[in-house]
Amino acid sequence: MYRRLPDVAAADVTITIDGAPIGARQGDTIAAAMLLAGHAVCGVTAVSGKKRAPYCAMGVCFECLVTVDGEGARQACLVPVRDGMRIETQGATDTITEPAP
């Protein structure tokens, strides 16, 4: 389990993940706030539906994509939290369809 190092200078903020409010610290990334809250899954893969979670934590792998305030495909490991931010994990579509000819 992840836990925070003591940091008395950071301000507390509230964000929501899939509608559930969680506390975070200003300066945290979304991925850090999610992991600290015990919410590691950012979404699922489009083909197999396997769970995705932060992997590299530096913006290289794109495993931590989330929707932030209605804007999709944001890398949770690069976006700092701010008070009132709404984060939604990204699900895959139920079916894969062929493009129209």
Top-ranked residue of the stretch 37-77 - restricted to ones that are out of contact with any Asp or Glu (no Cβ under 8 Å at 6 or more places or on another chain) and charged (D, E, K, R), ranked as farthest from I15 (Cα to Cα): K50
Selection from the stretch 56-76 of residues that are touching a residue at least 12 places away in the same chain (Cβ under 8 Å), surrounded by fewer than 15 Cβ atoms within 10 Å (Cβ to Cβ) and farther than 15 Å from A40 by Cβ: M58, G59, F62, D69, G70, G72, A73
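Can you name every residue in the stretch 11-28 that is among the aliphatic types (A, V, I, L, M), surrounded by 13 or more Cβ atoms within 10 Å (Cβ to Cβ) and out of contact with any helix residue (DSSP H, G or I) (no Cβ under 7 Å at 6 or more places or on another chain)?
V13
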Members of the stretch 40-81 that are outside any loop (DSSP other than H, G, I, E, B) and either in contact with a Pro (Cβ under 7 Å, 6 or more places away or on another chain) or basic (K, R) (or both): K51, R52, R74
So V79, is it β-branched (V, I, T), in contact with a helix residue (DSSP H, G or I) (Cβ under 7 Å, 6 or more places away or on another chain) and surrounded by 14 or more Cβ atoms within 10 Å (Cβ to Cβ): yes
Test: residue in the stretch 18-26 that is among the β-branched types (V, I, T), closer than 14 Å to E88 by Cα and in contact with a Lys or Arg (Cβ under 9 Å, 6 or more places away or on another chain): no
Unmet requirement for A31, which otherwise passes all of (1) in a loop (DSSP other than H, G, I, E, B); (2) surrounded by 16 or more Cβ atoms within 10 Å (Cβ to Cβ); (3) at pLDDT 95 or above: (1)
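The values are calculated or read from the model by the stated rules, or taken from the named source; none is laboratory data. Keep in mind that what you see is a predicted model, and the values were worked out from it rather than measured. Because the Cβ atoms are built from the backbone with ideal geometry, glycine has one as well, and the counts that use them run over all protein chains shown.
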